[in-house]
1. Of the peptides 11-20, 48-57, how do they stack up when ordered by the mean number of other Cβ atoms within 10 Å, highest first?
2. Which of these, Val109, Val89, Val97, has the largest mean-square fluctuation under a Gaussian network model of the chain (Cα springs below 10 Å)?
3. Could you run the Debye sum over the Cα atoms of region 311-390, one equal point scatterer each and no solvent, and tell me log10 of I(q)/I(0) at q = 0.13, 0.24, 0.26 Å⁻¹, two decimals?
4. Along Cα→Cβ, 7 Å out, is where each label goes; now give me the distance between the ones at Ala145 and Ile381 in nm to one decimal.
5. Treat each spin label as a single point 7 Å out from the Cα along the C-beta direction, and report the Asn264 to His345 distance in nm.
6. Please name whichever of Asn313, Gln378, Phe152 sits farthest to the positive end of the charge dipole of the chain, dipole taken about the Cα centre and charges placed at Cβ: Lys and Arg +1, Asp and Glu -1.
7. Please report, in whole Å³, the volume per residue of the convex hull around the C-alpha atoms of region 28-138.
8. Run the Debye formula on the Cα coordinates of region 28-82, all scatterers equal and no solvent, and tell me log10 I(q)/I(0) at q = 0.14, 0.29 1/Å.
Amino acid sequence: MAKCTISQRARDISPFHVMDILGQAKRLEAQGKDIIHMEVGEPDFDTPQPITDAGIKALKEGKTHYTPALGLPELRELIANWYHTQYQVDISPNRIVVTPGASGALLLVMGALLERDKKVLLADPGYPCNRNFARFVEAKAESIAVDSTSNFQLTAQHINDHWDDDTAVALVASPSNPTGTILSRQELTDLSIAVKAKKGHLIVDEIYHGLTYDDIDTPTALSIDQDSFVINSFSKFFGMTGWRLGWLVVPEEYVPVMDRLAQNLFLAAPTMSQYAALAAFKTQTLDILEQRRKIFEQRRNSLLPALQSLGLNVTAPPQGAFYIYTDCSHFLNKKQPDSMALSKHWLQQAGVAVTPGNDFGSHLAEQTLRFAYTTNEQRLIEAVERIKQI
Ligand SMILES: Cc1ncc(COP(=O)(O)O)c(C=O)c1O
């Protein structure tokens, strides 16, 4: 048998710790145990019917061939129009690159902007794949510890303190995963000014846009800085995780390189998904999505105080996405000394699955847990009751 040789690059890509929890949850379910899943980072709702219907129609009509690498022109047009209606920002459709999920967009943007050994600044806690994408393109992720004093976001001060000659990029997400916190217009402006002063690039991941609560202002970075690189996706707000479709907005002069990279890395985003997404911006679909947004908001409103009453401290208000990031120090002891052990204990004893903090970085990781409210309200409250009883 040939020797199995795996590149150092591939060996350095870390797995999700929550897979341990998921594996254990699956085993318990196979034994007949009822598990409440609060570890899942995707909406529990199926894709809205008008989108699915459009996808089926496309398949029936034989729309099964490649599209241009940058995406279907009519979809790029609709996305540009979305920026106009949603944010009153004018973007040329030419600047929009349709990708296989936000994941495809992250790969393109990091591949295009990061030289070998150059650095990208990231918030810790943050979306775990970002540092792996950086590694994959032979660049380096510099994780900056953030906490409630900056709403778990990078600030202009962080940029100034951490930027050095090897730094090329700062990447933020608003709303953030795992905290659901949002960058205000002023904070985004300050970040943009700080990054520009360093002659670097700002990437803003806006994948949770649309899922925001209390009428909070959630500006797109494009309304502040047309030179920023903005990532978005049909996965979360539009409920299309499995269709693998997202997009990236880049400055005009970066369109050719994105085209070239997209052609080589994945040729194009899935064709049927692009046709399906043409129905995503229809009034009928947007009405469904607004109803779902309200349901998420209601879930957050009932889960947040319930978790706090258990003794889980929430130090920054979750303003968007579908996550609550909590400090679980109160529950730690000799038997469950960290959040990983605690989440395994809760799964075993209460049948409640949550994500331990070490999936999002190392800062505060052992004393934090992320709860996803991607399950109906009744089950969320039942989960809290079960934890209370052990
Ligand atoms: C912050 C963030 N960015 C990007 C992604 C990737 O999403 P997708 O590739 O499904 O669009 C996720 C998925 O959970 C995420 O939380």
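Here, each number is a calculation from the coordinates, and none is a lab measurement. On a predicted model such as this, the values are computed, not experimentally measured, just so you know. Backbone-built Cβ (ideal geometry, glycine too); neighbour counts: all protein chains shown.
1. Numbers: 11-20: 13.7, 48-57: 18.2.
Highest to lowest by the protection proxy: 48-57, 11-20.
2. Evaluated over the chain, the most mobile residue of the options is Val89.
3. Summing over Cα pairs of region 311-390 leads to -0.37, -1.30, -1.48.
4. 3.9
5. Simple spin-label model gives 5.1 nm for this pair.
6. Gln378
7. On the way: hull volume 24.9 nm³, N = 111.
Convex hull volume per residue, Cα atoms: 225 Å³.
8. Each listed q corresponds, in turn, to -0.68, -1.15.
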